[in-house]
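A.B. asks: Mind having a look at this structure? Questions to follow.
Bear in mind that the values in this text are calculations on the coordinates, not laboratory data. On a predicted model such as this, the values are computed, not experimentally measured, just so you know. Please note: Cβ atoms are built from the backbone with ideal geometry, for glycine as well, and neighbour counts cover all protein chains shown.
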């Protein structure tokens, strides 16, 4: 049975999560991919604040396709997360508590998640149209010039994910490999 969590993430919820847990997320998440991450970090270096308050928030690594008539959003499958690893520790320092994507994270990001008490969720790649059904609203809030990579505010309901990396250092990928090696 999946755990149901309302966003923004509360420390008690996130600290109770373990690698491998199935979760249904509801609330607000923000989208951002490589170009938005790069711009946020560059602007921060120039003294420009982040376009969103990252405190306890979750970023979904996605570049959704345009919505079809009558739909809130087009396909919205996860992007490979490693492309954001260069920027992630700085965002975790700023209060980010969760990320949704696919694939492995660097050791630096995993250590930053432990230090800043954060979690990395996996969404199932290849199920983009199905995932989009959990998205109830979508609004561009920053970097509109980036098109599909603009930062969006999404309202989600029962968005299916699983915990890849927990705040305690658990890693479902490493644990899975270890099971088959023994």
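A.B. asks: Rounded to the nearest 500 deg cm²/dmol, what is the calculated helix-only ellipticity per residue at 222 nm for the chain, with -39500 (n - 2.57) per DSSP H run of length n ≥ 4? Before the final figure, lay out the partial values.
C.D. replies: On the way: 6 runs with 49 residues, N = 182.
Helix-only estimate at 222 nm: -7500 deg cm²/dmol.
A.B. asks: Let me ask something else. Would you work out the relative contact order for the range 84-182, in percent, from Cα pairs under 8 angstrom that are 6 or more residues apart?
C.D. replies: 27 percent
A.B. asks: To continue, here is another question. Between the range 129-175 and the range 35-66, what's the alpha-carbon centroid distance in Å?
C.D. replies: So the separation of the two Cα centres works out to 13 Å.
A.B. asks: Restricting to Cα pairs below 8 Å that are 6+ residues apart, what does the relative contact order work out to for the chain? Please round to a whole percent.
C.D. replies: Values: 414 pairs, mean separation 53.9, N = 182.
30 percent.
A.B. asks: Quick one: of the DSSP bridges fully inside the range 3-181, what percent are antiparallel, nearest 5?
C.D. replies: 60 percent
A.B. asks: In whole angstrom, note down how far apart the Cα centers of the range 1-24 and the range 76-115 are.
C.D. replies: 17 Å
A.B. asks: Please give the FRET efficiency for residue 38 paired with residue 114, using the beta carbon to beta carbon distance and R0 = 22 Å, rounded to the nearest 0.05.
C.D. replies: Computed FRET efficiency for residue 38 and residue 114: 0.35.
A.B. asks: Provide 116, 168 in ascending order of the number of other Cβ atoms located within 10 Å of each residue's Cβ, fewest first.
C.D. replies: Going from least to most buried by this count: 168, 116.
A.B. asks: Classify the range 86-181 from the C-alpha gyration tensor, please: rounded if a/c falls under 1.5, else prolate or oblate depending on whether a/b exceeds b/c.
C.D. replies: Taking the square roots of the gyration eigenvalues as a ≥ b ≥ c, the range 86-181 is oblate.
A.B. asks: How high is the relative contact order of the range 52-115, in percent, counting Cα pairs under 8 Å that sit 6 or more residues apart?
C.D. replies: The value is 39 percent.
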